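For reference, the structure is listed below as structure tokens.
The values are calculated or read from the model by the stated rules, or taken from the named source; none is laboratory data. None of these values were measured; they are calculated from a predicted model. All Cβ positions, glycine included, derive from the backbone under ideal geometry; neighbour counts span all protein chains shown.
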Amino acid sequence: MDALLTTDRHQRIRLSMSVMAALLMLCCIAALQLVAAAGLADAGHVHWFSVVCSLGLIAVYWLIRSGYSQRWEDPALTFLQIVSSVTCTAVAYVIAGSARGITLPILAVILIFGVFGLSPRQMLFVLFYGIAVFGVALSVAQWGLAHGSQPLALTAAYMVMIVVMLASCTFINLRVLASRKRKLELAQAAANERERAIRDELTGLHNRRFMLEIMHLEGARVQRNHQPLLIAQLDLDHFKHINDTHGHDAGDQVLAAFARTVAGYIRSTDILARWGGEEFVLLMVNTAADNGVALLERVRAAVQESVLVMATGASIRVTVSIGVAQLQTGHETPIGLLRRADEALYAAKAQGRNRVVLADQTLLETTVATG
């Protein structure tokens, strides 16, 4: 099966559908061969028809199997296969002689099997193309052959049924596509609503609700796997003074700029969230205390060095105090861990601000506060 369908998941789907379509077409060819064997159709025409159709099936399989079709917009060649199959069925109608009625269920199988892989525009093309090509086929069979003509009423009945099949499949296809589009829109709307529910609108960071969920999930996981987990609380120093001096719009810009600065220094595996006001929480998974403190010290220094220039020309500098705690294995909950990080934050504030303090240890950063 790997040799026939490859090991690539997308290619296997395309080739499986192509092989299934080929088997159905081979069954139709076999039916025409039986008709020819019974003397109801010209055997020479049926044999040539069988050879040409078989070569077409092999060509389609090769184009997909070789990967050559992947450079095209429709790598599964669905549209090409449908149009070719409709054309072959119309030809079969002409050469099937008095047994040409068997081509109607063949056309139905082709349409049912393939139309749901087409776009609305492609399906409309198949509708009008099918009506046109079968109109020509019925005309040739009725008036262009020396033998094998049938009552005109029967030919008209065949044409009516062909139009009904093509129109019905087009209608069903359009309804299915509309329903699928509606489901995708609803799913996207639900995903957007979920994203808004867990994001802070001002900074774009995750919010308190999301962080609480992640804290419990990660806390349980690291306890099972005996991995280190750090939680840090970051609080902008003298933020109220910024609001009172420059206004709340400036305060909002400071918060957004601070979030961008911190996000630029943390790892992709770390999770930063706005906890509320000017306070933020950083979750660092599988991180030892010394590595976490070193990262937070880089964050603290980057915040201290950054300058936000307002539209009024005023320059605003901020500093941040950080408290960090490491999860104690065996018994501590994330809430307890957060409480110790909060205590470390208060210690950082009490010791002069603009520094990093690790819970239950002495002061690790002695930078003189600038705020």
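Per the conditions (1) assigned to a helix (DSSP H, G or I); (2) buried (at least 17 other Cβ atoms within 10 Å of the Cβ); (3) among the hydroxyl-bearing types (Ser, Thr, Tyr), the sole criterion not satisfied by residue 287 is (1). Exactly one residue among 261, 329 is of a type in the set (S, T, N, Q) and assigned to a loop (DSSP other than H, G, I, E, B), and that residue is 329. Candidates in the range 185-222 are the residues that are of a type in the set (S, T, N, Q) and more than 17 Å from the chain's Cα centre (by Cα); of these, the one that is surrounded by the fewest Cβ atoms within 10 Å (Cβ to Cβ) is 207.
Hey, does the range 169-184 have a residue that's assigned by TED's automatic domain parsing to the domain that holds residue 262 and exposed (fewer than 11 other Cβ atoms within 10 Å of the Cβ)? No.
Filtered by the rule that a residue be touching a Lys or Arg at 6+ places or on another chain (Cβ under 9 Å), outside any loop (DSSP other than H, G, I, E, B) and modelled with pLDDT under 85, the range 3-13 gives 4, 5. When we screen 302, 347 for residues that are closer than 19 Å to residue 270 by Cα, among the small types (Gly, Ala, Ser) and either within 38 Å of the chain's Cα centre (by Cα) or at pLDDT below 95 (or both), the only hit is 302. Taking each residue of the range 26-47 that is over 17 Å from residue 87 (Cα atoms) and looking for partners that are hydroxyl-bearing (Ser, Thr, Tyr) with beta-carbon atoms closer than 8 Å, six or more apart or interchain, yields 33/50; 40/98; 41/98.
Rundown of residues vs (1) in the same structural domain as residue 338 (by TED's automatic domain parsing); (2) touching a Pro at 6+ places or on another chain (Cβ under 7 Å); (3) under 26 Å from residue 335 (Cβ atoms), yes/no style:
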position	(1), (2), (3)
201	no, no, yes
230	yes, no, yes
241	yes, no, no
257	yes, no, no
270	yes, no, yes
296	yes, no, yes
311	yes, no, no
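With respect to (1) in contact (Cβ under 8 Å) with a residue 24 or more places away in the chain; (2) not in a helix (DSSP H, G or I), the lone exception for residue 201 is condition (1). Here the condition is being touching a residue at least 60 places away in the same chain (Cβ under 8 Å) and under 32 Å from the mean Cα position of the chain (by Cα); of 225, 286, it holds for 286 alone.
Could you tell me whether any residue of the range 311-325 is closer than 15 Å to residue 234 by Cβ, in a loop (DSSP other than H, G, I, E, B), at pLDDT 90 or above and of a type outside the set (A, V, I, L, M)? Yes, because at least one residue in the range 311-325 is closer than 15 Å to residue 234 by Cβ, in a loop (DSSP other than H, G, I, E, B), at pLDDT 90 or above and of a type outside the set (A, V, I, L, M). Using the structure shown, decide if residue 81 is in a loop (DSSP other than H, G, I, E, B) and either assigned by TED's automatic domain parsing to the domain that holds residue 25 or out of contact with any Asp or Glu (no Cβ under 7 Å at 6 or more places or on another chain) (or both). For residue 81, the condition - in a loop (DSSP other than H, G, I, E, B) and either assigned by TED's automatic domain parsing to the domain that holds residue 25 or out of contact with any Asp or Glu (no Cβ under 7 Å at 6 or more places or on another chain) (or both) - is not met.
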